[in-house]
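First comes the structure, then the notes that go with it.
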Amino acid sequence: MRELPYDRLKAYEGQPVATAGAGKDLVNEPMIRHWCEAMGDANPAYRGPDAIAPPTMLQAWTMGGLSGHTDRSGAYDELFGLLDGAGYTSVVATDCEQEYPRPLRPGDRITFDAVIESVSERKTTKLGTGHFITTRMEVRADGEPAGTHRFRILKYAPAARMTKAPERTAAAGETEAAEETEAAERSKAPGQPEARRPRPVINRDNAGFWAGVETHRLLIQVCGGCGTPRFPWLPGCRGCGSPEWHTVEATGAGTVYSYVVMHHPPFPAFDPPYAVALIELAEGVRMVSNVIGVPYDKVRIGMPVQLEFLRVDGEWELPVFRAGGGVAG
């Protein structure tokens, strides 16, 4: 990895990524339906003769699919090539921001322009050292402004992998919470700083959830309009649109609805391979968490689990699920 002159990177700001790009399909009802089914969004505004597209689909109408777009400028590829050559070979998406001046409706023809809005100075993060690159896309529907999409990535050189501690054999039925705490902090190595888990992004919409976790309570929102439970926390109901809600405390019983085993990429404070599961709670909502108490290769769909709280880095609590708990009712 070598440091690049910042003025050389900054020169790419304002350069086009795409000019007069065109969406491959008109805004259409089948894609809206597939999106809503995948997201579990039953808002009636997205159905019927006066349907609009979910606003957060904005980027979907501009994507090139497997064949990609052929009208992209060379500036973005040049910038990536420059960073690759300096050793910043990894990339991770960090966040996006969208604005919606007008709703999209079936039949709208989408066009767009995109520019490299900003390239940050070199930053050091837990993942590694690199530069944040922000692109801004202006989306039009039949020539009218319909949305702005800012997308930010980190192009970085990965931090050195922490020395892996000797592997331990997990005994069947192991129940000591200290074992999971040790696994969470396993990336600590002599002479190197302790790797810390990423902190959750806490905002005004989900602060109540994390306040509950801090006191060992898993709180689920319940819509004050239609009574539908929901997770993760949202400012309003995606079913009836009501902004009113209250909370109920989950019993903690659940089952593994689905899971994946993470092998790559490695991150500090995580020791692959490990299982990441989608847990279906007895209250009817699902959440992503870790399954503890069994080796990663013993996690199975339908496995009963029970909520526990794991102290992480000695300062905050994390909800996890222990295999062998009560079956969700």
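Read-outs: derived from the displayed coordinates by stated rules, not from any lab. These numbers were taken from a predicted model, which means no experiment stands behind them. Heads up, the Cβs are rebuilt from the backbone with ideal geometry, glycines too, and the neighbour counts pull from every protein chain shown.
Using a Förster radius of 25 Å, what is the FRET efficiency between residue 72 and residue 278 based on their Cβ-Cβ separation? Nearest 0.05, please. Let's see the in-between values first.
Values: r = 35 Å, r/R0 = 1.39.
E between residue 72 and residue 278, to the nearest 0.05, is 0.10.
Could you work out the local net charge near residue 287, counting Lys and Arg as +1, Asp and Glu as -1, over the other residues with Cβ closer than 12 Å to its Cβ?
Details: positive: 230, 286; negative: 280, 283.
Result for the neighbourhood of residue 287: 0.
Sequence-distant or interchain residues sharing an amide H contact under 5 Å with residue 125, placed H: which?
Close amide H contacts, sequence-distant or interchain: 130.
Determine, for the chain, the count of lysine pairs separated by eight or more sequence positions (or lying on different chains) whose alpha-carbon distance falls under 22 Å.
Working: 10/123; 10/155; 123/155; 126/155; 126/164; 126/188; 164/188; 164/298.
So the count works out to 8.
May I ask for the net charge around residue 115, where only other residues with Cβ less than 13 Å from the Cβ of residue 115 are counted and Lys, Arg are +1 while Asp, Glu are -1? Before the final figure, lay out each step's value.
Details: positive: 72, 136, 150; negative: 13, 113, 117, 138.
Result for the neighbourhood of residue 115: -1.
Take residue 84 and residue 234, extend 7 Å from each Cα along the Cα→Cβ direction, and tell me the distance between the two endpoints in nm.
In this crude spin-label approximation the distance works out to 3.9 nm.
Which stretch or stretches of segment 65-104 have amide N atoms under 16 Å from the point lying 7 Å from residue 159's Cα along the Cα→Cβ direction?
Within reach of a label on residue 159, which here means backbone N under 16 Å from a point 7 Å along Cα→Cβ, segment 65-104 contributes 90-92.
How high is the relative contact order of segment 177-323, in percent, with contacts defined as C-alpha pairs under 8 Å that are six or more residues apart?
In percent, rounded to a whole number, it is 23.
Please get the size of the charge dipole for the chain, origin at its Cα centre, with Cβ charges of +1 on Lys and Arg and -1 on Asp and Glu, quoted in debye to the nearest 20. Show your work: numbers first, answer last.
Values: 35 positive and 42 negative charges, 67 e Å.
Rounded to the nearest 20 debye, it is 320 debye.
Work through the residues other than residue 257 whose Cβ is under 13 Å from its Cβ and net out their charges, Lys, Arg +1 and Asp, Glu -1.
Value of the local net charge: +1.
What is the extension gain from residue 263 to residue 246, computed as 0.36 nm multiplied by their sequence separation minus the C-alpha to C-alpha distance, in nm to one decimal?
Taking 0.36 nm per residue and subtracting the Cα distance, the gain is 2.2 nm.
What value, in deg cm²/dmol to 500, does the helix sum -39500 (n - 2.57) over DSSP H runs of n ≥ 4 give at 222 nm once divided by the residues of the chain?
-3500 deg cm²/dmol
Most exposed first by the Cβ proxy, i.e. fewest other Cβ within 10 Å, how do 35, 245 rank?
Ranking 35, 245 by Cβ neighbours within 10 Å, fewest first, gives 35, 245.
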